[in-house]
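Chemist: Before I ask anything, here is the structure I am working with.
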Amino acid sequence: GAVVSQHPSWVICKSGTSVKIECRSLDFQATTMFWYRQFPKQSLMLMATSNEGSKATYEQGVEKDKFLINHASLTLSTLTVTSAHPEDSSFYICSARAGGLNTEAFFGQGTRLTVV
Amino acid sequence: KQEVTQIPAALSVPEGENLVLNCSFTDSAIYNLQWFRQDPGKGLTSLLLIQSSQREQTSGRLNASLDKSSGRSTLYIAASQPGDSATYLCAVMNSGAGSYQLTFGKGTKLSVIP
């Protein structure tokens with residue numbers, strides 16, 4: 001299957017700092033990528049849809065000024081958690097589809113963010 | 001709003017046993033249904049994708065079925081192995097409200113005992 005690479009796999013940062021997470025499609029181009037957040041023993045919750053060359057579409061309740069998404073190319077989307085707080089600590093996962101929007105979804109390895 | 005439920009939440013079986021994981025969804029307006037595996041602290045690995053027009057898909061020891069009209073899917077794992085231990089997630093891709101978005105269940109945590 002297609003490969004989606006996410007970096008870093010884990011990060012620890014101090015409160016008030018910003019953290020950038022990268023999501024790359026290694027062997028295909030992705031005009032659309034998706035960012036999810038996962039709490040322990042919970043489902044993946046869609047945060048936003050990242051569109052290459054345009055603004056991201058955020059889900060209700062997700063602060064777009066806190067979670068900045070940039071989809072600069074067809075193979076790279078970044079999520080920046082700005083002014084991080086301990087409650088932002090979570091597991092963040094990105095996803096992309098190699099074909100059309102209704103095709104198989106492939107996921108990155110996830111990023112464990114811990115804010116201290 | 002689409003809701004996906006997975007039962008049971010956890011399952012423990014001895015090695016070699018066949019098992020079935022269940023997934024149900026409330027809105028039958030879907031493009032497809034996908035089963036994933038998630039190991040602790042890791043991302044998701046796609047196992048099987050069933051299009052809405054299909055009834056089942058097979059890959060090795062895995063067989064997934066889909067009954068769209070009743071809003072149900074099952075994942076059958078034959079001859080389970082300790083390496084199968086993981087959390088299995090079911091997700092539907094909506095074609096109605098929230099089109100093209102994936103709605104996930106909470107998963108079934110499987111433990112295969114040697």
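Chemist: Looking at the stretch A:51-78 only, could you name the residues that are in contact (Cβ under 8 Å) with a residue 40 or more places away in the chain and not in a loop (DSSP other than H, G, I, E, B)?
Modeler: A:LEU76, A:SER77, A:THR78
Chemist: Take the residues of the stretch B:20-38 that are modelled with pLDDT under 95 and outside any strand (DSSP E or B): which is nearest to the other protein chains (Cβ to nearest Cβ)?
Modeler: Ranking the candidates gives B:ALA29 first.
Chemist: In the stretch A:1-18, which residues are in a strand (DSSP E or B) and surrounded by fewer than 20 Cβ atoms within 10 Å (Cβ to Cβ)?
Modeler: The answer is A:SER5, A:HIS7, A:TRP10, A:VAL11, A:ILE12, A:CYS13.
Chemist: Looking at (1) within 13 Å of chain A (Cβ to nearest Cβ); (2) surrounded by fewer than 17 Cβ atoms within 10 Å (Cβ to Cβ); (3) polar (S, T, N, Q); (4) in a strand (DSSP E or B), can you tell me which one B:SER53 breaks?
Modeler: (4)
Chemist: crowded, with 16+ Cβ neighbours inside 10 Å, of a type in the set (Ser, Thr, Tyr) and under 14 Å from the mean Cα position of the chain (by Cα): is that true of B:THR58 in this structure? Please lay out each step first, then the result.
Modeler: Working: crowded, with 16+ Cβ neighbours inside 10 Å: no; of a type in the set (Ser, Thr, Tyr): yes; under 14 Å from the mean Cα position of the chain (by Cα): yes.
Judged against the criteria, B:THR58 is not a match.
Chemist: To continue, here is another question. Can we say B:SER46 is under 18 Å from A:LEU46 (Cα atoms) and either within 11 Å of chain A (Cβ to nearest Cβ) or in a loop (DSSP other than H, G, I, E, B) (or both)?
Modeler: yes
Chemist: Give the stretch B:64-92 a look and list any residue that's more than 13 Å from the chain's Cα centre (by Cα) and hydrophobic (A, V, I, L, M, F, W, C), or say none.
Modeler: Correct list: B:ALA78, B:ALA79.
Chemist: Name the residue, out of B:LYS106, B:LYS68, that is within 11 Å of chain A (Cβ to nearest Cβ), surrounded by 13 or more Cβ atoms within 10 Å (Cβ to Cβ) and among the basic types (Lys, Arg).
Modeler: Going through B:LYS106, B:LYS68 in turn, just one is within 11 Å of chain A (Cβ to nearest Cβ), surrounded by 13 or more Cβ atoms within 10 Å (Cβ to Cβ) and among the basic types (Lys, Arg): B:LYS106.
Chemist: Given the criterion in contact with a Cys (Cβ under 8 Å, 6 or more places away or on another chain), under 28 Å from B:THR87 (Cα atoms) and either more than 12 Å from chain B (Cβ to nearest Cβ) or hydrophobic (A, V, I, L, M, F, W, C) (or both), identify the matching residue among A:SER25, A:SER5, A:SER77. It would help to see each step written out before you state the result.
Modeler: Working: A:SER25 fails: in contact with a Cys (Cβ under 8 Å, 6 or more places away or on another chain); A:SER5 fails: either more than 12 Å from chain B (Cβ to nearest Cβ) or hydrophobic (A, V, I, L, M, F, W, C) (or both).
Every option except A:SER77 fails the conditions.
Chemist: Given (1) over 24 Å from B:GLN38 (Cα atoms); (2) outside any loop (DSSP other than H, G, I, E, B), identify the lone condition not met by A:PHE91.
Modeler: (1)
The values are calculated or read from the model by the stated rules, or taken from the named source; none is laboratory data. Model, not experiment: these values are computed from the prediction. Heads up, the Cβs are rebuilt from the backbone with ideal geometry, glycines too, and the neighbour counts pull from every protein chain shown.
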